[in-house]
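A.B. asks: Got a structure for you, questions after.
The values are calculated or read from the model by the stated rules, or taken from the named source; none is laboratory data. The model shown is predicted, which means the values in this text are computed figures rather than measured ones. Reconstructed Cβ throughout: ideal geometry from the backbone, glycine too, with neighbour counts over all protein chains shown. For the accessible areas, the whole protein counts, side chains as well, though only heavy atoms, and no ligand, DNA or RNA atoms are used. Shrake-Rupley method; radii C 1.70, N 1.55, O 1.52, S 1.80 Å.
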Amino acid sequence: MQTFRSFDSPEGFFKSVPTNVVENLKFRIELHKMLSVDSKLQQIYFELCRRYYPIFFNTTAFTYNPQAKPDERNVPFILRPAQVIAVNTLNRCIDEGRDAGINKSRKQGASEICCKLFTAKALLEPKSHFIVGSRKESYVDNFGDDTTLFAKIDNVMNCLPTWWLASSGYNDKCRKSMSITFPASESSIHGDTTNENFSAGSRATAVLLDEFGRVDYSVADAIEGSVHDVANCVIYSSTHWLGVHHAFNRCLNKETTEVIELLWYDSPVENKGLYKTSEPGEVELIDEEYWLERYPELKDYCYEN
């Protein structure tokens, strides 16, 4: 492994991290073994993550999928290109105090990215305070349920390398219902339901409104009317909205909102065999490899087009 100092930028180091799962795991083992015995390198690594948060995802974070095979349910979080853009955009919006809107399909990792970015910043940036919200308390935090927002946060701490966990000062007392604190950085993440009084009286570095497009019209309007008293950066995230007049759609269309697209057709897992047809008889094969493997006779067609 090259030393950190051999890279000219955080982006350069990020590009050196393998994206194959097996190779990525080997890289992580070697990286964190080296970091565990060198406090100066730890500080360099922290600074690299702060300057380019995709590094945190691809070298430390894991992601849990209960639908996968038992031995593949908790795997390294390796960002896809669209997710790298999402992480960088969200981080910039948080730092600049701007709103972000995530227009997403299911299973594209939007909620997970937000929760893990909040956790990384809480670990690395002193006195950072975040709030995550969803329609029901059981969606926000429900011990034993691996699909909640706080489960995605817990996953970071459960998988954090032992050297980092020790330096963070984190222990069981730091985790309470709808709340987690980070002693070394004096940061925190709290949860709330997306109700009319969402986080009234609270102040935060940034707020996540998860599945905001599914919140009742009047409740969503009430939240939008007061949420900027809570945080300068509000992240509106949803799979769809309840019509063009819903607050989620209006927020996405505000000039002050930076919109992030996390849609199924950008995912190599979801878009197998993808093709487009702009008009009858016109077909554009996006996933050529998929079709050529099954219909080799299409080879000439692909070359012609």
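A.B. asks: For CYS93, which of the numbered conditions (1) out of contact with any helix residue (DSSP H, G or I) (no Cβ under 7 Å at 6 or more places or on another chain); (2) of a type outside the set (Lys, Arg); (3) closer than 22 Å to PHE46 by Cβ; (4) open to solvent by 10 Å² or more (accessible area, probe 1.4 Å) fails to hold?
C.D. replies: Going through the list (1) out of contact with any helix residue (DSSP H, G or I) (no Cβ under 7 Å at 6 or more places or on another chain); (2) of a type outside the set (Lys, Arg); (3) closer than 22 Å to PHE46 by Cβ; (4) open to solvent by 10 Å² or more (accessible area, probe 1.4 Å), CYS93 breaks only (4).
A.B. asks: Scanning for something without any contact (Cβ under 8 Å) to a residue 60 or more places away in the chain and under 18 Å from VAL21 (Cα atoms), does the stretch 87-94 turn up at least one residue?
C.D. replies: no
A.B. asks: Now for a separate question. Which residue, of GLU261, GLU255, GLU282, GLU293, is modelled with pLDDT of 60 or more, open to solvent by 80 Å² or more (accessible area, probe 1.4 Å), within 18 Å of the chain's Cα centre (by Cα) and not hydrophobic (A, V, I, L, M, F, W, C)?
C.D. replies: GLU261
A.B. asks: Select, from VAL156, VAL132, the only residue that is of a type outside the set (S, T, N, Q), in contact with a helix residue (DSSP H, G or I) (Cβ under 8 Å, 6 or more places away or on another chain) and more than 21 Å from THR60 (Cα to Cα). Steps first, please.
C.D. replies: Working: VAL156 fails: more than 21 Å from THR60 (Cα to Cα).
Of the residues listed, the single one that is of a type outside the set (S, T, N, Q), in contact with a helix residue (DSSP H, G or I) (Cβ under 8 Å, 6 or more places away or on another chain) and more than 21 Å from THR60 (Cα to Cα) is VAL132.
A.B. asks: Something else about it: If we scan the stretch 123-130, do we find a residue that is under 13 Å from the mean Cα position of the chain (by Cα), over 21 Å from VAL227 (Cα atoms) and open to solvent by less than 20 Å² (accessible area, probe 1.4 Å)?
C.D. replies: No, that holds for no residue.
Results for (1) modelled with pLDDT of 95 or more; (2) more than 26 Å from GLU261 (Cα to Cα); (3) in a helix (DSSP H, G or I); (4) open to solvent by 20 Å² or more (accessible area, probe 1.4 Å), shown as yes or no for each residue.
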{"position": "MET1", "(1), (2), (3), (4)": "no, yes, no, yes"}
{"position": "ASP8", "(1), (2), (3), (4)": "no, yes, no, yes"}
{"position": "PHE27", "(1), (2), (3), (4)": "yes, yes, yes, yes"}
{"position": "VAL37", "(1), (2), (3), (4)": "yes, yes, no, yes"}
{"position": "TYR45", "(1), (2), (3), (4)": "yes, yes, yes, no"}
{"position": "PHE56", "(1), (2), (3), (4)": "yes, no, yes, no"}
{"position": "ASN88", "(1), (2), (3), (4)": "yes, no, yes, yes"}
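A.B. asks: For ILE78, state whether it is outside any helix (DSSP H, G or I), modelled with pLDDT of 95 or more and more than 21 Å from GLU11 (Cβ to Cβ).
C.D. replies: Numbers: outside any helix (DSSP H, G or I): yes; modelled with pLDDT of 95 or more: yes; more than 21 Å from GLU11 (Cβ to Cβ): no.
Taking the combined requirement at face value, the residue does not satisfy it.
A.B. asks: Would you check which residues across the stretch 160-207 are modelled with pLDDT of 95 or more, surrounded by fewer than 17 Cβ atoms within 10 Å (Cβ to Cβ) and assigned to a helix (DSSP H, G or I) and list them?
C.D. replies: THR162, TRP163, LEU165, ALA166, SER167, LYS173, CYS174
A.B. asks: Mind checking which residues of the stretch 28-76 are β-branched (Val, Ile, Thr) and closer than 16 Å to CYS115 by Cα?
C.D. replies: Kept after step one, since they are β-branched (Val, Ile, Thr), are these residues of the stretch 28-76: 29, 37, 44, 55, 59-60, 63, 75.
Passing the criteria: ILE55, THR60, THR63.
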